[in-house]
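A.B. asks: Here it is: the structure, laid out below.
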Amino acid sequence: MNALYLRRRITNWVAMGLSTLATLIGLAFLAWILWETLRQGIAALNPSLFTKITADGAEGGLANAMVGSLIINFIGIAIATPIGVLAGAWLAEYANRTKLGESIRFLNDILLSAPSIVIGLFVYTIVVLPSTALTHGSTSFSGFAGGIALALIALPVIVRTTDEMLRLVPSTLREAALSLGVPQWKLTLQILIRAARSGIITGVLLALARISGETAPLLFTAFGNNYMAVNPIDKMSSLPQIIYQYANDPGDAMHSMAWAGAFVVTMFVLLLSLGSRLVLSRNKVSHE
Amino acid sequence: MSAQPGTIAPSSIIQEQRSRRDALDERLFRWLLMGCALLVLAALLGAAGATLWGGREAFATFGWHFLVSTAWDPGNDVYGALVPVYGTIVTSLIALLIAVPVSFGIALYLSEVAPPWLRTPVSSAIELLAGIPSIIYGMWGLFIFAPFFADHIKPWLTSNLGDKPDDGKLSWLVQHVPFIGKLFGSDYPFGASILVAGIVLAIMIIPFISSVMREVFQTVPTRLKESAYALGSSTWEVSWDIVLPYTRGAVIGGIFLGLGRALGETMAVTFVLGNAMTLSASLLDPGTSIAATIANQFSEASGLQKSSLMALAFLLFVVTFIVLLIARLMLRQLARKEGR
């Protein structure tokens, strides 16, 4: 009996020890990755990164990539937000327990983790190839196509958070409005979406964090451009795409610029996810 | 109809007009919303359709042979999917092999072992790992981890487990265990390899799997766990015999979710795979994956090569769709059990 007890205790210790070890391993890799990004990124930071363009090569900067990233992300979010919020509202308010609603909700969760490179090829087929016919032959990659690809990646994130947040709104609010004779579309747009506003903003910020690091869908849509481009119908470069290009380059100067870009992107993404948490927690306080 | 000046329209008519207008608005609004929701469906169907359409030439030219051929020869315009498919599957399996036990450990630690004040900061830190863009993992893999692996881990692996050790002497293990020598034998000098890609993928999917596992572990009724503790079970016994069986379906769902991520990941693996279009049994040799092949070749490809890449993308999409479908179905079972 004593031996059995001892064996069980040892098994328990070993298991608890291994589980603590697993957590430490996870945290260690997080620390390692963040540390290298900070160390190499900060070492490579200098003012010309923000003022010069990639056409200058090793003596250049990343200004056009940063501007491109901002424009492409803005287009992506500007397309995905209204569509995603309305689709989420449909799921939560109109189709909550219907078969079609359940299937769309289910498929949305799948789209959430669909391979982004396939999304890129999809947009290449439906946007880049058809507009090539308009530009007489030369393949018309564009910042706009990149924005659409990113919109398709942001869409499921926004749909899901809107859907979840609207379902959290107490149904007494709906009943109160409906009993006053407010039509349902007005209820949805002016009361429910407003009540769930901070949750929806969180979703949009999370979607922005998600797309601002995406590389694969931009390779065949926005393509890249070594010069400053602000018109969305031009080829446009973006930070992740430049990181990809420079990291593959044999030159050391290019590598350090890639690290600087990685640092900027990582900081942007981390600040966004921090910000989205703040929006959500502040709202929780205000309800109490 | 507008009310004439000087006369007062009966209120019932105004009301009727108003309710008719509201009904119309309502219907339009409902259609608009449904149209937006259907875009989700359209995106999935469109992605499948576009890649299938783009790959039709490759499928028509090579037929089923495309799936089993190792050829990838732009010079002779002959293409087969086996090498990238093999790389995708093997890197994802390595990733799962590492990530599943580690994620289980993390989820266990966060739900049963850690003191309560430590749980939130540690789980937020792990979730932070999930937010880092995949290209950062790729860069870290390329510049930091692959050289580290080549200097410190690979020599040990090749000399102790491989059939091509530097000093030419085979270790006891290699002489007595079949296949292991082939798996770890390599004379490729760099770190970039299928194994490194698998490890980088594992680090990437650990936060996904562990956060799903932690969430489902928390759905186990406290009553059930406390009963087991009252009978004298240890923490490990409660976790292994009560928590895990209760959440089995959802845990498998979480694992499949991670697998779906790993299969479709591009940037984290493209840098560390080495991009060799050859099939090698060794995990320490470079290889390629579907996503990496597309990322590397699509811009310069044309004709049949482009079509073959589209066909590869279609295969990838179908496989990840099925994996994610299974994952979501498994996870939904638990939600139903909870009565949600």
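A.B. asks: For labels at residue B:60 and residue B:281 in the simple 7 Å Cα→Cβ model, what's the distance in nm?
C.D. replies: 4.0 nm
A.B. asks: Can you tell me how much longer the chain between residue A:186 and residue A:56 gets when fully stretched, taken as 0.36 nm per residue apart minus their C-alpha distance, in nm with one decimal?
C.D. replies: Once the chain is fully extended between residue A:186 and residue A:56, it gains 41.4 nm.
A.B. asks: Shifting gears a bit: Say the dipole of the protein assembly as shown comes from +1 at the beta carbon of Lys and Arg and -1 at that of Asp and Glu; which of A:4, B:221, A:90 then lies farthest toward its positive end?
C.D. replies: Going by the Cα projections, it comes out as B:221.
A.B. asks: Assuming R0 = 30 Å, what is the FRET efficiency of residue A:28 and residue B:45, from their Cβ-Cβ distance, to the nearest 0.05?
C.D. replies: 0.10
A.B. asks: I'd like to compare B:99-105, A:38-44, B:202-208, B:31-37: which one has the highest average count of other Cβ atoms within 10 Å, and what's the full order after that?
C.D. replies: B:202-208, B:99-105, B:31-37, A:38-44
A.B. asks: Let me ask something else about it. Would you look at the GNM of chain B, springs on alpha carbons closer than 10 Å, and say which of B:268, B:228, B:313 moves the most?
C.D. replies: Result for chain B, Cα springs under 10 Å: B:228 fluctuates most.
A.B. asks: To make sure I understand the rule: partners must be aspartates and glutamates, Cα under 13 Å from the Cα of residue B:164, and not fewer than 8 residues away in the same chain. Which ones qualify?
C.D. replies: Within the straight-line limit of under 13 Å, residue B:164 reaches these aspartates and glutamates: B:187, B:285.
A.B. asks: In chain A, with Lys and Arg counted as +1 and Asp and Glu as -1 at Cβ, which of these residues, A:50, A:231, A:189, has the Cα nearest the positive end of the dipole, that is, farthest along it?
C.D. replies: A:189
A.B. asks: Where the only charges are on Cβ atoms (+1 Lys, Arg; -1 Asp, Glu), what is the dipole of chain B about its Cα centre, to the nearest 20 debye?
C.D. replies: With only Lys, Arg, Asp and Glu charged at Cβ, the dipole is about 1120 debye.
A.B. asks: Based on DSSP H assignment, which helices of chain A show an axial Cα extent of at least 30 Å together with a mean Kyte-Doolittle hydropathy greater than or equal to -0.5?
C.D. replies: Flagged H segments are A:2-44, A:63-89, A:143-168, A:252-287.
A.B. asks: Could you please rank B:72, B:53, A:90, A:259, placing first whichever residue has the fewest other Cβ atoms within 10 Å of its Cβ?
C.D. replies: B:53, B:72, A:259, A:90
A.B. asks: Rank the residues B:78, A:123 as a footprinting-exposure proxy: fewest other Cβ atoms within 10 Å of their Cβ go first.
C.D. replies: In increasing order of surrounding Cβ atoms, one gets B:78, A:123.
A.B. asks: Right, something else. Given H placed on each backbone N at 1.01 Å, which residues far from residue B:78 in sequence or on other chains put an amide H within less than 5 Å of it?
C.D. replies: Amide H to amide H, under 5 Å and 5 or more residues apart or across chains, residue B:78 pairs with B:73.
A.B. asks: Going 7 Å from the Cα of residue A:100 along its beta-carbon direction, which residues of region B:35-64 have the amide nitrogen within less than 14 Å of the resulting point?
C.D. replies: B:35-42
A.B. asks: If you don't mind, another one. Using the beta-carbon distance between residue A:176 and residue B:12 and R0 = 22 Å, what value does 1/(1 + (r/R0)^6) give for FRET efficiency, to the nearest 0.05?
C.D. replies: 0.25
A.B. asks: With charges set only on the Cβ (+1 for Lys and Arg, -1 for Asp and Glu), what does the dipole of the protein assembly as shown come to about its Cα centre, in debye to the nearest 20?
C.D. replies: Computed charge dipole of the protein assembly as shown: roughly 2100 debye.
A.B. asks: Next question, about the same structure. Explain nothing, just compute: Karplus ³J(HN,Hα) = 6.51 cos²θ - 1.76 cosθ + 1.60, θ = phi - 60°, for every residue of region B:267-272 in order, whole Hz, x for Gly and Pro.
C.D. replies: So the Karplus estimates, Gly and Pro as x, are 6, 5, 9, 4, 5, 9 Hz.
A.B. asks: On a full-extension model of 0.36 nm per residue, what is the gain between residue A:133 and residue A:167, subtracting their alpha-carbon distance, rounded to one decimal in nm?
C.D. replies: Here the segment from residue A:133 to residue A:167 would lengthen by 7.7 nm.
A.B. asks: Okay, next question. For chain B, return all DSSP H helices satisfying: extent of Cα atoms along own axis at least 20 Å; mean Kyte-Doolittle hydropathy at least -0.5.
C.D. replies: Result, helices passing both filters: B:11-54, B:82-108, B:116-131, B:194-217, B:248-264, B:303-337.
A.B. asks: Projecting each Cα onto the charge dipole of chain A (Lys/Arg +1, Asp/Glu -1 at the beta carbon, about the Cα centre), which of A:215, A:65, A:108 comes out farthest on the positive side?
C.D. replies: A:108
A.B. asks: So, one more: Neighbour counts of other C-beta atoms within 10 Å: give me B:273, B:97, A:129 arranged from fewest to most.
C.D. replies: B:97, A:129, B:273
A.B. asks: While we're looking at this one, here's another question. State to the nearest 20 debye the size of the charge dipole of region B:75-173 about its Cα centre, where the only charges are +1 on K and R beta carbons and -1 on D and E beta carbons.
C.D. replies: 140 debye
A.B. asks: Too long at a 30 Å Cα-Cα cut-off: which of A:52/A:235; A:235/B:306; A:235/B:154?
C.D. replies: Long pairs (Cα-Cα over 30 Å): A:235/B:154.
A.B. asks: Using helices alone, I'd like the mean residue ellipticity at 222 nm for chain A: each DSSP H run of four-plus residues gives -39500 (n - 2.57), total over residue count, nearest 500.
C.D. replies: Value at 222 nm, helices only, nearest 500: -23500 deg cm²/dmol.
Coordinate-derived values only; no laboratory data. Just so you know, these numbers come straight off a predicted model, no measurement behind them. For neighbour counting, all protein chains shown are included, and Cβ atoms are generated from backbone atoms with ideal geometry for every residue, glycine included.
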